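I have placed the structure first, in the form of structure tokens, so that the comments after it can refer back to it.
The values are calculated or read from the model by the stated rules, or taken from the named source; none is laboratory data. Predicted, not measured: the structure shown is a model, and the values here were computed from it. Counting neighbours? That spans all protein chains shown, and the Cβs are built from the backbone with ideal geometry, glycine included. Areas reflect the complete protein model, heavy atoms only, side chains present, ligands, DNA and RNA absent. Shrake-Rupley method; radii C 1.70, N 1.55, O 1.52, S 1.80 Å.
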Amino acid sequence: MITKPLTGLMTKDELIFERSKAGKKGISFPKERIFSKPLAARIPDLYQRKQTTALPEISEPEIVRHFVNLSRKNFSIDTHFYPLGSCTMKYNPKINEEIARLDGFAWIHPFQTPETIQGALQVLFELQEMLCEITGMDAFSLQPAAGAHGELCGMMLVRAYYHQRQDFKRTKVIVPDSSHGTNPASAALCGFEVVTTPSGPDGRVDLIALEKAMDDHTACLMLTNPNTLGLFEKDILQITRLAHQKGILLYYDGANLNPLLGIVRPGDMGFDIVHLNLHKTFSTPHGGGGPGAGPVGVKKSLIPFLPVPAIKKKNSVFELDSNQPHSIGKVRSFFGNFGVLLRAYVYIRTIGSDGLTQISRDAILNANYLRRRLEKLLEIPYNDYCMHEFVATVRQYKSKGLHASDFGKRMLDFGIHAPTVHFPLVVEDALMIEPTETESKEVLDQLVEVFEIMVKEANDDPESLKKAPYTMPIRRPDEVQAARKPILSWRDYSQDLKRPSSPDMPSTG
Amino acid sequence: MNIPKDLRYTKTHEWIKPNQETVTVGITDYAQHEISDIVFVELPKVGQEAAQGKAICVVESVKAAFDIYAPVSGVVKSINTTLESDPAMANKDPYGNGWFFELTPADSEEINNCLSHSEYEDFLKQSTH
Amino acid sequence: MRYLPLSQEDRQVMLDTIGVEHFGQMLQAIPASLRNPEIRIPESLSEHEIRDLLGGLAKKNLNSKDHKSYLGAGAYEHYIPSVVQMVLMRNEFYTAYTPYQAEASQGSLQAIFEYQSMICELTGMDAANGSHYDGSTAVAEAVLLSLSKTRRRKVLIARSLNPEYKRVIQTYLSESNLAYAEIPFDANGALDREQLKQLLTDEIACVVVATPNFLGLEEDLTNMASWVHEKGALFILVSNPLALGYFKTPAEWGADIACGEGQPLGIPPSLGGPWLGYFATTRALVRQIPGRLVGLTKDTMGNRAFCLTLQAREQHIRRERAASNICTNQALCAIAACAYLSCLGKEGLKEVAALNMDRAWYFRDEIIKLPGVKLITKGPIFNEFTVQLPKSVSAVNQALLSHGIMGGFDLETVYPELTNTTVLCATEVKTKADIDFFLECLKAVLS
């Protein structure tokens, strides 16, 4: 039922289940039936499904309209600017998509014998080699399916490494307080005790505190460099030397690799293990939250522990080698997210050795330009030359009841995605801004103009910011109700609608 | 901030009310305010053993989960099932209908390690400055 | 470089604004000894050259569009309606970020909510999450959930579970002194129910069973849930989601967690990924579900709205206390599955399931008429089955390739006692003529 006019180009809000009508179908099947009698009757009763399904019954044009209209309720990198710190929302090249859909890549089965997938294995092998070159590592496994998955794999490698040396006392992992939340979570999931060290007054690792935290129970130090404030750890060589002297492995969180291509390599800094987020630095699409890929690279001493199978090249033939007695095993089936790996391969071949450095240079230039322009409007607590991102704060508006997320929400009204808000934890009311290299100067200037408006609003009419956004398909959702009384499916929802006393239920329109 | 005089407290913001044989435990007004909208309380099981200072149940807000620590060792005697259907009760009435669980203490001396209302008040003053 | 919008003039203006003479001044924090490493990768290629290069590499792979493939064993060839491709190619879906900003992500959020709803419909379970990386990691996460829920340290896994999944579970468990034991299968490939009863103790956190299992057999799970629950363990069932068009649902078998591979739901095999791990539970486990969940709520104006919910235990908030370190799902693959299941609908699901059985049952009935071919999986099947051949599977497959056919998976590589044994698959994309041609070729190869 339509109850009010629609705004903009929006269409009526409907769940696909609400469009369903008995007997409709959005698919056609071949007429051939080899058996003339229906087979279902031949399934013994005890195996037969009795529950009915409420899958929607709907025709093809309705399905298309439903999903196209849904898509229009999204921000995306092809429609909007995402200055989203540590997320590297860069442009996703179209040729990558075209290649990934070729029959010779999309319609190959992971159990095919190696001689029938030589082209795919060549892509994977060469991708490993190129990632080694770019990061300064000795070997890569492409198996992990996401950044956090790569971290988990990396932590498993750390454990396997010490266990093989019969060193069972190293149970601690050091993580700076500015680290990504996944770092401590991954370490804890592998059974390590997490030790958090504070940042120094310049926002970088506090060497003295770090040295104090390192002892012969420390297995690993996890760092991201540049750190989440966008600052390069200038003492990195001392840090890695110190750790190695104490027999500690160094883990590099590659979430922030984008400003380092051709400029400096984690392997040369002294890191033993790295994971990369191919959906960040290497341009593969985020897909609204996946699929991604989180390859893990290691130095020589850790190669024996990498997941199986290893992809090897012998006399220009590509082979799979599962005979790795010290391997941690498999963190995912087969080769990982091949389709994502393939896109990253295409990207690196497109950029080439001659284009790599300019990617990072422009990412750094864009971030520093924005930082300089925004420092006149916002407080930037660690205002030093940054790499690909920097962190501003709106804590001066706290007394007006405004927080970082309010500014983020208001930005949506100006067609710019919110920055990463309330992170890193070392800065109160943080706005973490990463423009990436694929945005033009004009777009960056627009962001500054938006902040000029928002700062004025924050001073003159803070209440209006608290209720933003105003122009999106919805206003702020009631997250408290969503968590107290979770409605997670159509079935939950339709049962809830039937309940007579349901004052909380939303109206549709 | 409401800090009733007849209760004992912990530095992790639980309150303890000594009864005849048992103690009742909940979270303080300060804690519920800091957590803000409580969306879910995972209560301990009746009969579960509690160790002083160890996590025994979890409180969730929209954006965070918090451990609740046993103020004294003992065995869980009863739980406040109201919180399962109405977790917001811990916000509305933290010292009354929003209580969490009742413990039979293993050692009646342990409660003496807990803070008095004035000590808790001082502790709050120090830690919020 | 065509991906870079800054002009040379822009760059100079920006350096001036920043207040540096040259770019290198901004890199002072980087030790000079480390700067400007030599990166030995090939030079850049034009789009035209890339297309030729990758087109050539793609041709080096035998694909199932050009070669009839009877490989199943965890990845299946189904027809994908063009509507599904169209949805995936919407820029607003595939180039969107994770929907943390709900107001600007209602499209992704609603689509994932609809996906969750459809997984509930398929499995009969109460709640499904927004997906995991793939079947193997979904099952591994289910096992982890059971360990933390029961606070026990032992798991029982059906030997007939996909070997890739077992390997991932073992990897996830290997470092934590957790005991892993397998439930054997009998000569027909069916789970050994008596053995299961023997192995079940009150130290077991979960029992993981697949139906259809890796050999293609649908399992009889009568009473199994109650045996498992009597011991206080969780019952985890792994199913082919399309088989659920006709076969009993995990909910009907009494599962606590239903999980597995969603690739059959409109996703191409792509050498193993990206795929889709589906994950659904009973009401009692909702707050323990790892990964993303989308909930329906209302906005401040009272209108229907969707947002991520039950996030309190996620890694970005709870850090080292998080229930899992997962921070993504396979959102785009979930949207593909949602579009695919929308096309199928209630009747189409049954129809596609029936077509799979039509092909596979005929295939099975006919292949065992060939001399020396013995059926192992005597019992109900969905779209694959296991037979023993009179010759080695690798030799047979090699010979079939010369006829343009990719044969079945060689089970001897994972179950050494199953010599010359293969699991073969025929889905709705095969015709009677295809199957007859396969049988003809196999006959020639075996004689």
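How would segment B:8-127 be classified by its alpha-carbon gyration tensor: rounded, prolate or oblate, with rounded meaning a/c under 1.5 and the a/b versus b/c comparison settling the rest?
Values: a/c = 1.70, a/b = 1.11, b/c = 1.53.
Since a/c reaches 1.5 but b/c is at least a/b, the shape of segment B:8-127 is classed as oblate.
So, R0 is 25 Å and r is the distance between the beta-carbons of C:V13 and A:T357; what FRET efficiency does that work out to, to 0.05?
Details: r = 21 Å, r/R0 = 0.82.
Using R0 = 25 Å, I get an efficiency of 0.75.
What's the average, rounded to a whole number, of partner chain beta-carbon atoms within 10 Å of each residue's beta-carbon in A:410-422?
Numbers: counts 0, 2, 3, 2, 0, 1, 1, 6, 5, 0, 1, 2, 2.
What the average comes to for A:410-422 is 2.
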Restricting to Cα pairs under 8 Å and 6 or more apart, the percent relative contact order of segment A:380-509 works out to 22
For segment A:149-305, what is the percent of antiparallel DSSP beta bridges, rounded to the nearest 5? 20
Tell me which aspartates and glutamates have Cα within less than 17 Å of A:K400's Cα, excluding those fewer than 8 residues away on the same chain? A:E379, A:E428, A:D429, A:E457, A:D460, A:D461, A:E463
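Which value, in square angstrom to the nearest 100, describes the accessible area buried between chains C and A on both sides, using a 1.4 angstrom probe? Mind dumping the intermediate values first?
On the way: alone 23340 and 26310 Å², together 31880 Å².
In total, chains C and A hide about 17800 Å² from solvent.
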For chain A, percent of DSSP beta bridges that are antiparallel (nearest 5) comes out at 55
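May I ask you to give the percent of accessible area on segment B:8-127 that is carbon plus sulfur, with a probe radius of 1.4 Å? Please list the in-between numbers first.
Details: 2570 of 5510 Å².
For segment B:8-127, the apolar C and S fraction of the accessible surface comes to 47 percent.
For segment A:314-422, which GluC sites (Glu not before Pro) pass both filters: DSSP loop (anything but H, G, I, E, B) and at most 14 other C-beta atoms within 10 Å?
Numbers: sites: A:E319, A:E375, A:E379, A:E389; in loops: A:E375, A:E389.
Loop-located and lightly packed - A:E375.
By per-residue mean of other Cβ atoms within 10 Å, what is the highest-first order of C:409-420, C:177-188, B:61-72?
Working: C:409-420: 16.8, C:177-188: 14.1, B:61-72: 21.4.
For the peptides C:409-420, C:177-188, B:61-72, the packing ranking is B:61-72, C:409-420, C:177-188.
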Using θ = phi - 60° and the Karplus form 6.51 cos²θ - 1.76 cosθ + 1.60, what ³J(HN,Hα) does each residue of segment C:410-423 get, whole Hz, x for Gly and Pro? 7, 5, 4, 5, 10, 10, x, 6, 8, 5, 6, 10, 9, 9
Quick check on chain C: helices-only [θ] at 222 nm, where DSSP H runs of length 4 and up contribute -39,500 (n - 2.57) each and the sum goes over total residues. Nearest 500, please. -11000 deg cm²/dmol
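Can you count the Lys pairs in segment B:8-127 with C-alpha separation below 16 Å, eight or more apart or on different chains? Don't skip to the answer; put the middle values down first.
Details: B:K11/B:K54; B:K11/B:K125; B:K17/B:K77; B:K45/B:K54; B:K45/B:K77.
Taking segment B:8-127 as the scope, the lysine pair count is 5.
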Beta bridge orientation in the protein assembly as shown: antiparallel %, DSSP, nearest 5: 65
Read phi for every residue in segment C:28-36 and hand back ³J(HN,Hα) as whole Hz from Karplus 6.51 cos²θ - 1.76 cosθ + 1.60, θ = phi - 60°, with x for Gly and Pro. 3, 5, 7, x, 4, 5, 9, 6, 6
Among A:K73/C:K298; A:K398/A:K456; A:K409/A:K456; A:K12/A:K94, which pairs are too far apart, with a Cα-Cα distance over 19 Å? A:K12/A:K94
For segment C:437-447, take each phi angle, set θ = phi - 60°, evaluate the Karplus expression 6.51 cos²θ - 1.76 cosθ + 1.60, and give the result in whole Hz per residue in order, putting x for glycine and proline. 5, 4, 5, 4, 5, 5, 4, 5, 5, 7, 7
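On the accessible surface of segment C:82-340, probed at 1.4 Å, how many percent belong to carbon and sulfur atoms?
On the way: 2840 of 6070 Å².
Here carbon and sulfur together make up 47 percent of the probe-accessible area.
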Point-charge dipole on Cβ atoms (K/R +1, D/E -1) for segment C:62-141, about Cα centre, debye to 20: 300
Label point 7 Å out from A:K398 along Cα-to-Cβ: which residues of segment B:28-71 have amide N under 12 Å? none
Could you tell me the distance between the Cα centroids of segment A:399-457 and segment B:57-98, to the nearest Å? 37
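So with the 1.4 Å probe, I'd like the accessible area per residue for chain C, rounded to whole Å².
Computed with neighbouring chains in place, this is 31 Å² per residue.
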Segment C:187-249 shape via C-alpha gyration tensor axes, a/c threshold 1.5: prolate
For the pairs C:K350/C:K432; C:K248/C:K432; A:K24/A:K90; A:K25/A:K50, flag any whose C-alpha to C-alpha distance is greater than 29 Å. A:K24/A:K90
Cross-link partners of C:K60 among lysines (Cα-Cα below 20 Å; sequence separation of 8 or more within a chain): A:K312, A:K313, A:K314, C:K68
Which of the three applies to chain A, rounded, prolate or oblate, going by the alpha-carbon gyration tensor with a ≥ b ≥ c and a/c under 1.5 meaning rounded? oblate
Using a Cα-Cα cut-off of under 25 Å, which lysines could be cross-linked to A:K212, ignoring same-chain neighbours fewer than 8 residues away? A:K169, A:K172, A:K234, A:K246
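Please work out the Kirkwood hydrodynamic radius for the protein assembly as shown, using every pair of different C-alpha atoms, and report it in angstroms with one decimal place. Write out the running numbers ahead of the final one.
Details: mean 1/r = 0.0330 Å⁻¹.
It is 30.3 Å.
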Of the trypsin sites (Lys or Arg not before Pro) in segment C:111-184, which ones lie in a loop per DSSP and count no more than 11 other C-beta atoms within 10 Å? C:R151
Inter-chain Cβ neighbour average for residues C:374-380, partner chain, 10 Å: 1
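How big is the charge dipole of the protein assembly as shown about its Cα centre, in debye rounded to the nearest 20, if each Lys and Arg gets +1 on its Cβ and each Asp and Glu gets -1 on its Cβ?
On the way: 112 positive and 128 negative charges, 392 e Å.
For this selection, approximately 1880 debye.
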Placing +1 on each Lys and Arg Cβ and -1 on each Asp and Glu Cβ in segment A:166-295, then taking the dipole about the Cα centre, the residue among A:N227, A:V194, A:P259 whose Cα reaches farthest towards the positive end is A:P259
Can you tell which of A:H66, C:P42, B:S36 lies farthest toward the positive end of the dipole of the protein assembly as shown, using +1 and -1 charges on the Cβ of basic and acidic side chains (Lys, Arg; Asp, Glu)? A:H66
Among B:32-38, C:70-76, A:413-419, how do they line up from the highest to the lowest mean number of other beta-carbon atoms within 10 Å? C:70-76, A:413-419, B:32-38
Per-residue ellipticity at 222 nm for chain A, helices alone: DSSP H runs ≥ 4 residues times -39500 (n - 2.57), over residue total, nearest 500 deg cm²/dmol? -10500 deg cm²/dmol
Shielding of C:392-405 by partners, i.e. mean partner chain Cβ atoms within 10 Å per residue? 1
Taking the mean number of other Cβ atoms within 10 Å as a proxy for protection, how do you rank A:291-303, A:273-285, C:393-405, C:57-69 from highest to lowest? A:273-285, A:291-303, C:57-69, C:393-405
Mean separation of Cα contacts under 8 Å (6+ apart) over length of segment A:95-351, as relative contact order %: 28
Magnitude of the Cβ-charge dipole of segment B:85-129, K/R +1 and D/E -1, about the Cα centre, nearest 20 debye? 260
